[in-house]
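The values are calculated or read from the model by the stated rules, or taken from the named source; none is laboratory data. Keep in mind that this is a model prediction, so the values were computed, not measured. Quick reminder, even Gly has a Cβ in these numbers, built from the backbone with ideal geometry, and neighbours come from all protein chains shown. Side chains are part of the model used for accessible areas, which takes the heavy atoms of the whole protein and leaves out ligands, DNA and RNA. Shrake-Rupley method; radii C 1.70, N 1.55, O 1.52, S 1.80 Å.
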Amino acid sequence: MMIDEALKQKLIAFRRERDWEQFHTPKDVAISLSIEAAELLEWFQWRRDEEVTEMLTGKKREALEDEIADVAVYLTYLCHDLDVDLAAAVERKMHKNAAKYPKDRVKGRSDKYNEYS
């Protein structure tokens, strides 16, 4: 489980105690999730693999973890608010992906599903 129930309840309580639910419509939470994901991407932007490796083992690692946490928090809020069981949704998607990308046809390839023969 990405976020266990106890931590999820802490996140929900944190939001409730600040009366932020009024601002957290599904639309706005989805927008915030996208913004935080973009901030995560920015962490890697214009950096060579060697620079990223150095950052992952250096003082900047915590900044990366903070960005990942922001994404996880907004995803948790969105799933909670829309009553989405994330584990079940991921499981369903994996079954769809297995059919769309059969391992014997796509192993070692990066083509999109409609580009391989």
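Around the Cα centre of the chain, unit charges on the Cβ atoms of Lys, Arg, Asp and Glu (plus for the first two, minus for the last two) sum to a dipole of about 640 debye.
The 3J(HN,Hα) values that the Karplus relation (6.51, -1.76, 1.60; θ = phi - 60°) gives for segment 37-48 are, in residue order, 5, 5, 5, 5, 4, 4, 4, 9, 4, 6, 9, 6 Hz. Gly and Pro appear as x.
When segment 40-83 is described by a simple charge dipole with +1 on each Lys and Arg Cβ and -1 on each Asp and Glu Cβ, the residue from Tyr74, Gln45, Met55 located farthest towards its positive end is Met55. Note on Leu75: accessible area approximately 50 square angstrom, rounded to 10, probe 1.4 Å, nucleic acids and ligands left out.
Using helices alone, what [θ] at 222 nm do you get for the chain, with -39,500 (n - 2.57) per DSSP H run of 4 or more residues, divided over all residues and rounded to the nearest 500? Please list the in-between numbers first.
Working: 6 runs with 82 residues, N = 117.
Mean residue ellipticity at 222 nm (helix-derived): -22500 deg cm²/dmol.
Comparing mean-square fluctuations of Thr57, Thr76, Thr25 from a GNM of the chain with C-alpha springs under 10 Å, the top value falls on Thr57. Its residue count N fixes a reference of 2.2 N^0.38 Å for segment 39-117, and the Cα radius of gyration divided by that reference is 1.51.
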